[in-house]
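Undergrad: I am attaching a structure below and will ask some questions about it afterwards.
The values are calculated or read from the model by the stated rules, or taken from the named source; none is laboratory data. Quick caveat, the model's predicted, so the values are computed rather than measured. Don't worry about glycine lacking a Cβ; one is built from the backbone with ideal geometry, like all the others, and counts go over all protein chains shown.
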Amino acid sequence: MHIPDTFIPLGQAAIYWIISIFFIARAVKWARNDMKENMIPLFGVLAAGIFVLQTINIAASLIVPIPMLTGVSWHIVGSALAAIIFASPWAAVLLMAMVLAIQSLFGDGGITVMGANILNMGVIGGFMGYYTFIGLSKLSVKRSFAMFTGAFLSMLLPGIALAFELWLAGTFPLKQGVLLMGIFQGVAGIGEGFITVIVFGAILKARPDIVNEETLTKESTTKVAAVGIAALLGLAVAAPFLASNNPDGLEQTASLVLKNEIGSRITLLFSDYAIPGMGRAGEVAAIIIGLAAILLIWTGISRIMKKV
């Protein structure tokens, strides 16, 4: 669901950037004022974890085994998960901005259109996922179902919004774009829902104090973060061997509705998460570099926030 460069004209892309900058600024303010200090390490690890997980495309037919989905893949986004864990959609905005910034250097999502990607995955995904979860929870809906529904909508609605954005850009026909993105992202939403429930449940089982407001200020998440980093390094090594080569929903939609290739992408680091000439080792190294970059960026941001 990462829009590449040239899919949106620069003038429109600038508008999405302006909107996203406003949300990012508000998200930084939230982190500075409302994020518990002991949750800072966990935030960085979660951001790095989502970066690694997004490099692992999974065949969509494994979720819904129908012919239309053969040859299509999906990957976790994690905006609803971040918002629910940190009890704020602003967490999703800030986390996705960091992840998307690093991903753009690998050609996964464009640099010029990053504002649109942050708007879709961070803002729309984060806010819709979180407030769907909160709303259903207040209606006494079982937490796992409320969480699943929030995560599902955090994939479906940004996909539909993306179709409208690319229609306004003159890239996609509206009806085909909405239909195909709705189908592909709807299936991805099912996987997102299950993974969100599973991951949240695992964190809750390991450290229930993380979501217990009464003990939150007394407990540290540093040990959780350390274990998480170790697990992520292992996952980063495995990622190139686990990922499907099938295109994701946006790429598949583009292949079906576009008659001509649209421009070229801007890549500043290593294209497609790979260091040229190093084979699988280069793919592993690229992912680890991205993981480390996110942790370093968050370390810098968190230190600046403490001083302000």
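Undergrad: Checking I19 against (1) among the hydrophobic types (A, V, I, L, M, F, W, C); (2) at pLDDT below 95; (3) part of a helix (DSSP H, G or I); (4) surrounded by fewer than 19 Cβ atoms within 10 Å (Cβ to Cβ), which test does it fail?
TA: So the condition that I19 fails would be (2).
Undergrad: List every residue pair whose Cβ atoms sit under 6 Å apart, with the two residues 6 or more apart in sequence or on different chains, where the first one lies in the range 96-118 and is of a type in the set (S, T, Y) and the second, anywhere, is part of a helix (DSSP H, G or I).
TA: As it stands, the answer is S104/M114; T112/A13, since those pairs meet every condition given.
Undergrad: Out of S244, S220, report the one residue that is among the hydroxyl-bearing types (S, T, Y), surrounded by 12 or more Cβ atoms within 10 Å (Cβ to Cβ), in a loop (DSSP other than H, G, I, E, B) and at pLDDT 65 or above. Break it down into steps so the answer makes sense when it comes.
TA: Values: S220 fails: at pLDDT 65 or above.
Going through S244, S220 in turn, the sole match is S244.
Undergrad: Further question on the same structure: Looking at this structure, is A27 surrounded by 21 or more Cβ atoms within 10 Å (Cβ to Cβ) and not in a loop (DSSP other than H, G, I, E, B)?
TA: Working: surrounded by 21 or more Cβ atoms within 10 Å (Cβ to Cβ): yes; not in a loop (DSSP other than H, G, I, E, B): yes.
Yes: the conditions hold for A27.
Undergrad: If you go through the range 180-208, how many residues are loosely packed, with under 15 Cβ neighbours inside 10 Å and aliphatic (A, V, I, L, M)?
TA: Residues in the range 180-208 being loosely packed, with under 15 Cβ neighbours inside 10 Å and aliphatic (A, V, I, L, M): 3 in total.
Undergrad: Looking at L162, L180, L174, can you tell me which residue is among the hydrophobic types (A, V, I, L, M, F, W, C), touching a residue at least 12 places away in the same chain (Cβ under 8 Å) and over 24 Å from P89 (Cβ atoms)? Steps first, please.
TA: Values: L162 fails: over 24 Å from P89 (Cβ atoms); L174 fails: touching a residue at least 12 places away in the same chain (Cβ under 8 Å).
Answer to the selection: L180.
Undergrad: What pairs come out if I take residues in the range 123-144 that are more than 14 Å from P158 (Cβ to Cβ) and without any contact (Cβ under 8 Å) to a residue 40 or more places away in the chain and pair them with residues that are in a helix (DSSP H, G or I) and charged (D, E, K, R) whose C-beta lies under 9 Å away, six or more apart or interchain?
TA: The qualifying pairs are L136/R143; S137/R143.
Undergrad: Let me ask something additional. Name the pairs: first residue in the range 68-95 and free of Cβ contacts under 8 Å to residues at least 24 places away in the same chain and farther than 18 Å from L157 by Cα, second residue part of a helix (DSSP H, G or I) and not basic (K, R), Cβ to Cβ under 7 Å, at least 6 apart or on different chains?
TA: Pairs found: T70/S61.
Undergrad: Restricting the first residue to the range 250-271 and requiring it to be β-branched (V, I, T) and modelled with pLDDT under 65, which pairs with a second residue that is surrounded by 11 or more Cβ atoms within 10 Å (Cβ to Cβ) and assigned to a loop (DSSP other than H, G, I, E, B) meet a Cβ separation below 6 Å and a spacing of at least six or different chains?
TA: From the range 250-271, the pairs are I262/T6; I266/D5; I266/I111; T267/G107.
Undergrad: Scan the range 57-64 and tell me whether some residue there is touching a His at 6+ places or on another chain (Cβ under 9 Å) and more than 27 Å from L168 (Cα to Cα). Outline the logic, then answer.
TA: Step one: of the range 57-64, the residues touching a His at 6+ places or on another chain (Cβ under 9 Å) are 57-58.
From the residues that got through so far, the ones that are more than 27 Å from L168 (Cα to Cα) too are 57-58.
There is at least one residue in the range 57-64 that is touching a His at 6+ places or on another chain (Cβ under 9 Å) and more than 27 Å from L168 (Cα to Cα).
Undergrad: Taking T6 as meeting all but one of (1) outside any helix (DSSP H, G or I); (2) surrounded by fewer than 23 Cβ atoms within 10 Å (Cβ to Cβ); (3) touching a helix residue (DSSP H, G or I) at 6+ places or on another chain (Cβ under 9 Å), write down the number of the exception.
TA: T6 satisfies all of (1) outside any helix (DSSP H, G or I); (2) surrounded by fewer than 23 Cβ atoms within 10 Å (Cβ to Cβ); (3) touching a helix residue (DSSP H, G or I) at 6+ places or on another chain (Cβ under 9 Å) except (3).
Undergrad: Could you check the range 42-80 and list, in sequence order, the residues that are in a helix (DSSP H, G or I), buried (at least 23 other Cβ atoms within 10 Å of the Cβ) and hydroxyl-bearing (S, T, Y)?
TA: The one that is in a helix (DSSP H, G or I), buried (at least 23 other Cβ atoms within 10 Å of the Cβ) and hydroxyl-bearing (S, T, Y): S79.
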